[in-house]
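All remarks here apply to the structure that follows.
The values are calculated or read from the model by the stated rules, or taken from the named source; none is laboratory data. Note that the structure is predicted; figures quoted are calculated from it, not measured. Don't worry about glycine lacking a Cβ; one is built from the backbone with ideal geometry, like all the others, and counts go over all protein chains shown. Ligands, DNA and RNA are stripped out before the accessible areas are found, and what is left, the full protein with its side chains, is counted by its heavy atoms. Shrake-Rupley method; radii C 1.70, N 1.55, O 1.52, S 1.80 Å.
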Amino acid sequence: MRGPSLVLLLLLLVTSAYSWKKEEFRNCNQTPFCKRARSRTTGSCNLRATDVSISDGNLIAKLVPKEENPESKPLLLTLSVYQDGVMRLKIDEDQNNPKKRFEVPEVIEEDFLNTKLWLTRLEEEQIDGDSSSSSVVYLSDGYEGVLRHDPFEIFAREKGSEKRVLSINSNGLFDFEQLREKKEGDDWEERFRSHTDTRPYGPQSISFDVSFYGADFVYGIPEHATSLALKPTRGPNVEEYTEPYRLFNLDVFEYLHESPFGLYGSIPFMISHGKARGSSGFFWLNAAEMQIDVLGSGWNSNEIMLPSDKHRIDTLWMSEAGVVDTFFFIGPGPKDVVRQYTSVTGRPSMPQLFATAYHQCRWNYRDEEDVYNVDSKFDEHDIPYDVLWLDIEHTDGKKYFTWDRVLFPNPEEMQNKLAAKGRHMVTIVDPHIKRDESYHIHKEASEKGYYVKDATGKDYDGWCWPGSSSYTDLLNPEIRSWWSDKFSLDSYVGSTKYLYIWNDMNEPSVFNGPEVTMPRDALHHGGAEHRELHNSYGYYFQMATSNGLLKRGDGKDRPFVLGRAFFAGSQRYGAIWTGDNTAEWEHLRVSVPMVLTLSISGIVFSGADVGGFFGNPETELLVRWYQVGAYYPFFRGHAHHDTKRREPWLFGERNTQLMREAIHVRYMYLPYFYTLFREANSSGTPIARPLWMEFPGDEKSFSNDEAFMVGNGLLVQGIYTERAKHVSVYLPGEESWYDLRSASAYKGGYTHKYEVSEDSVPSFQRAGTIIPRKDRLRRSSTQMENDPYTLVIALNSSQAAEGELYIDDGKSFEFKQGAFIHRRFTFSNGKLISSNAAPSTAGRSSIFSSECTVERIVLLGLSPGSKTALIEPGNKKVEIELGPLFIQGNRGSVLTIRKPNVRITDDWSIQIL
């Protein structure tokens, strides 16, 4: 009976996890640290700063109670300043403790640490009404940091003024619970449902208020299925959300489409924006559970708001454990804040070109015959795709790095056949390891002591897809290196260089654990409790996997790893998707703010499962999802095994055509997307952007999350209701916008009633931009490599435009040695000029070249009357004629220069005559 009983238990566990049930997850009142922090009143902090001085280039101080308390030891404060307007505040206990409080390792970039500015002197200043002075330090040209001694407060402000940017403890809500030795009679255990948390060091939470000045809205702190602009969670008129935004990585099946409930990943980074001041940002490097309140107007009835503070937004940050390790980003623009944040946590990795194209996935493609059939059907229906995915059923009994040799007898041959068409494969590798003595991964991990331990010191044993499972302790660098070695071609038998990886369930998901995750008192490397690092577990797993693919390719091949759980810095290791969504219109709608929130938080390579993972989408919804999803940075169709098959050719000829055209749009714009990925890799600026990121002064854009920008040149408005006939589209700015389907011009600064057609969602090119395309459509992105380009020039009211194109080999790291092409296109005074935007080739260790030419130049908004153009060098005249906006479909009739045949790598000009 043992076998059937275990199977039945697993089925019950899995079934219970398949839908979101409110009672299975803790709310704030059931989370003691959150309940305690929320109960505190303004001014309850009784700390003051003493012994303020400069040491090793930092401002240091002690925080002591104003009234003596024998149980409260001084806290140590360190304030540091870095280039580009970043201020770091650390607060920790004295180290004479039962254990060292956990600090999250390997998130902060080494290059950032090297930008530290050494403080040499303090200026003292008396703030009105204070009995003691405040210490002022240089932050950047125009800004300074202030430590207020009594009452204790930290803030950044504009130099020589009272205009604040960001502050901590302005409302006096700071609290720091210190570790204690357990004494007889102490009961620190916490219980939730059937689970008990032993809490061997007692309550150790931290909470404080953060204020954003000059802000109309705050954004960020993914992951939640909610609006882009964060809604108040406390205040007299707050009704919609009464729970804080929760940051606790959880496996949540069929999540609600409108909730502050925490999902798969956590990034404690918030960005504010307002017309009065611009943008600022705040980041807390802490991987324990966190709850964050956005405090609505009048949240404190005793609050006296100064006139200068009327655009201030107060927030309350609460964490179960860790230390205060926070970063202030002063902006002042939204792109400045993102650049500053990613300078700390790392720029996004540069993906391979194929990864930016379309991915086809299902749980599960059954066998090799199924794979070959799906692959051939894409060709038969003239639909391009680049990656075919295999879920857990391809393995031998849910043992990762293995193949079911009955269903997949020749995996290398299968991958090579796809590669012959320029295509790739992705297989899933999850963190749970099947506890089976015949499984070499488990046997080795067990013998080496590489598993996470339970509170008693034994290997932690939880339940997931294989049944009884253990989890490698990837906080340990030695174990991460061991894990990385498993991706070598010799170790991962049946893999090839064309195979890439999907990390699912890496929250980590444990079906029989508290809240479907690992117990908080489980033990990791160095004695760290799981509670202290929970939100970073998936980060280390994706890091180790990415490093494994790097090792496999001898450091020459860019990894592709998709992860579900994430933390600050995950952008360095691959892509993220929004998890197990549902085939509902509301989930299509919420996917846009979810992707935008990830994007502004560093995770620029993200997307939602097109069509919804759970359920069977009605055909119209599926089509609309493809039309929006084609503009996600990560574009993948995916479905649950209980759903009907939904490959694009299964819904009738007309619907197949509509989905084919949506996918074609993505392939046409791949040069533009790839250029944007390089911009993100260089500066952190996201691919998908909120409207306010491009139009920071346009108040109508601040809370708009139904539309989004792709780069600075394209605006996309989703259709989120069935049988829609019209949709309101707000086009920001003062310049015109050109409809991508008809080339019709629409005025900026207005909301337009746009007539909806079934063949596309409203999408527009911004006047003043030049966007590169490749209009010839192939089976995959790889086969487009040598195809010619089309340049679409959308002229503004000054008859000017500009744009860029970035090209490299699409797969290696040679671009870091200078092997790339970066062109700048400018149009003014009737002349289009192509110039080199890359640094001089002198000193480059590697060169990249291309024979690609420009075959078409489309001119939108050109003043009438022009009939010819002169190409230099060569003194060649060509006709300006009417032509289609797209080669495929022959839509529209626009002014076109055909076959100028200038090389994309060269300097040239085209003068309109």
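Points worth noting:
- Identity of the residue in the stretch 581-609, surrounded by fewer than 24 Cβ atoms within 10 Å (Cβ to Cβ) and charged (D, E, K, R), that ends up nearest to Asp705 (Cα to Cα): Arg589
- For the stretch 494-510, the set of residues classified as of a type in the set (Phe, Trp, Tyr) and open to solvent by less than 10 Å² (accessible area, probe 1.4 Å) consists of Tyr500, Trp502, listed by residue number.
- Of the helices (runs of 4 or more DSSP H) that lie entirely inside the stretch 518-614, those containing 3 or more residues that are within 29 Å of Arg678 (Cβ to Cβ) and not charged (D, E, K, R) span 537-552, 585-600.
- Candidate set: the stretch 261-277, residues that are closer than 11 Å to His311 by Cβ and in contact with a Pro (Cβ under 9 Å, 6 or more places away or on another chain); chosen: the one surrounded by the most Cβ atoms within 10 Å (Cβ to Cβ): His273
- Filtered by the rule that a residue be surrounded by fewer than 23 Cβ atoms within 10 Å (Cβ to Cβ) and in a helix (DSSP H, G or I), the stretch 372-394 gives Tyr372, Asn373, Val374, Asp375, Ser376, Lys377, Asp379, Glu380, Ile392, Glu393.
- Taking the stretch 19-59 as the range and being at positive phi and open to solvent by 20 Å² or more (accessible area, probe 1.4 Å) as the test, the residues that pass are Gly43, Asp51, Asp56.
- Residue within the stretch 428-446 that is open to solvent by less than 10 Å² (accessible area, probe 1.4 Å), in a strand (DSSP E or B) and in contact with a Leu (Cβ under 6 Å, 6 or more places away or on another chain) present: no
- All positions within the stretch 888-904 that are within 22 Å of Pro384 (Cβ to Cβ), open to solvent by less than 80 Å² (accessible area, probe 1.4 Å) and at pLDDT below 95: Gly889, Arg891
- Among the residues making up the stretch 110-119, those that are assigned to a loop (DSSP other than H, G, I, E, B) and either without any contact (Cβ under 8 Å) to a residue 60 or more places away in the chain or more than 14 Å from Asp56 (Cβ to Cβ) (or both) are Asn114, Thr115.
- Contacts under 7 angstrom Cβ, first residue in the stretch 688-707 being over 21 Å from Phe673 (Cβ atoms), partner open to solvent by 30 Å² or more (accessible area, probe 1.4 Å) and aromatic (Phe, Trp, Tyr), 6 or more apart: Phe702/Phe217; Ser703/Phe217
- Conditions (1) within 19 Å of Ser509 (Cβ to Cβ); (2) of a type in the set (S, T, N, Q); (3) surrounded by fewer than 24 Cβ atoms within 10 Å (Cβ to Cβ); number of the one not met by Thr578: (3)
- Meets criteria (open to solvent by 10 Å² or more (accessible area, probe 1.4 Å) and in contact (Cβ under 8 Å) with a residue 12 or more places away in the chain) for Gly281: no
- Listed by first and then second residue, the pairs linking a residue in the stretch 811-833 that is closer than 24 Å to Asp557 by Cα to a residue that is basic (Lys, Arg) and surrounded by fewer than 17 Cβ atoms within 10 Å (Cβ to Cβ), with Cβ atoms under 7 Å apart and 6 or more places separating them unless they lie on different chains, are Ser812/Lys556; Phe813/Lys556; Gln817/Arg844; Gly818/Arg844.
- If you go through the stretch 663-694 and keep only what is among the small types (Gly, Ala, Ser) and open to solvent by 10 Å² or more (accessible area, probe 1.4 Å), you end up with Ser682, Ser683.
- A search for C-beta distances below 6 Å between a residue of the stretch 631-654 that is closer than 25 Å to Phe560 by Cα and any residue that is surrounded by fewer than 19 Cβ atoms within 10 Å (Cβ to Cβ) and basic (Lys, Arg), counting only pairs 6+ apart in sequence or on different chains, returns nothing.
- Counting only strands (runs of 3 or more DSSP E) that fall entirely inside the stretch 756-811 and contain at least 2 residues that are out of contact with any Phe, Trp or Tyr (no Cβ under 6 Å at 6 or more places or on another chain), of a type in the set (D, E, K, R) and within 30 Å of Ser846 (Cβ to Cβ), the qualifying elements are 801-807.
- Pair list, Cβ under 7 Å, 6 or more apart: the stretch 78-98 residue more than 15 Å from Tyr143 (Cα to Cα) and open to solvent by 10 Å² or more (accessible area, probe 1.4 Å), other residue outside any loop (DSSP other than H, G, I, E, B) and among the hydroxyl-bearing types (Ser, Thr, Tyr): Lys90/Thr78
- Test: residue in the stretch 865-880 that is among the basic types (Lys, Arg), part of a loop (DSSP other than H, G, I, E, B) and out of contact with any Pro (no Cβ under 7 Å at 6 or more places or on another chain): yes
- For Pro839: the one exception among (1) assigned to a strand (DSSP E or B); (2) farther than 19 Å from Asp787 by Cα; (3) open to solvent by 30 Å² or more (accessible area, probe 1.4 Å): (1)
- Residue check, Leu256 of a type outside the set (Gly, Ala, Ser), within 26 Å of Ser606 (Cα to Cα), modelled with pLDDT under 90 and within 23 Å of the chain's Cα centre (by Cα): yes
- Residue that is farthest from Arg531 (Cα to Cα), among those in the stretch 332-347 that are under 21 Å from the mean Cα position of the chain (by Cα), open to solvent by 10 Å² or more (accessible area, probe 1.4 Å) and not basic (Lys, Arg): Gly333
- Candidates Thr545, Thr517: the one that is touching an Asp or Glu at 6+ places or on another chain (Cβ under 6 Å) and either more than 17 Å from Ser481 (Cα to Cα) or at pLDDT 95 or above (or both) is Thr517.
- Of Ala743, Ala724, all but one fail to be over 30 Å from the mean Cα position of the chain (by Cα), closer than 27 Å to Ala357 by Cβ and open to solvent by 10 Å² or more (accessible area, probe 1.4 Å); the exception is Ala743.
- Of all residues in the stretch 727-740, those that are part of a loop (DSSP other than H, G, I, E, B) and either among the β-branched types (Val, Ile, Thr) or surrounded by fewer than 18 Cβ atoms within 10 Å (Cβ to Cβ) (or both) total 1.
- Residues of the stretch 466-487 satisfying the condition of being more than 26 Å from the chain's Cα centre (by Cα) and open to solvent by 40 Å² or more (accessible area, probe 1.4 Å): Glu478, Asp485
- Whenever a residue of the stretch 664-678 is touching a residue at least 12 places away in the same chain (Cβ under 8 Å) and closer than 18 Å to Ile603 by Cβ, its partners that are of a type in the set (Lys, Arg) and open to solvent by less than 10 Å² (accessible area, probe 1.4 Å), lying with C-beta atoms within less than 9 angstrom and at least six residues away or across chains, give the pairs Phe673/Arg666.
- Residue that is surrounded by the most Cβ atoms within 10 Å (Cβ to Cβ) [pool: residues in the stretch 405-427 that are of a type in the set (D, E, K, R) and touching a residue at least 40 places away in the same chain (Cβ under 8 Å)]: Arg423
- Each residue in the stretch 120-163 was checked for being more than 25 Å from Pro332 (Cα to Cα), free of Cβ contacts under 8 Å to residues at least 40 places away in the same chain and open to solvent by less than 30 Å² (accessible area, probe 1.4 Å), and 1 of them qualify.
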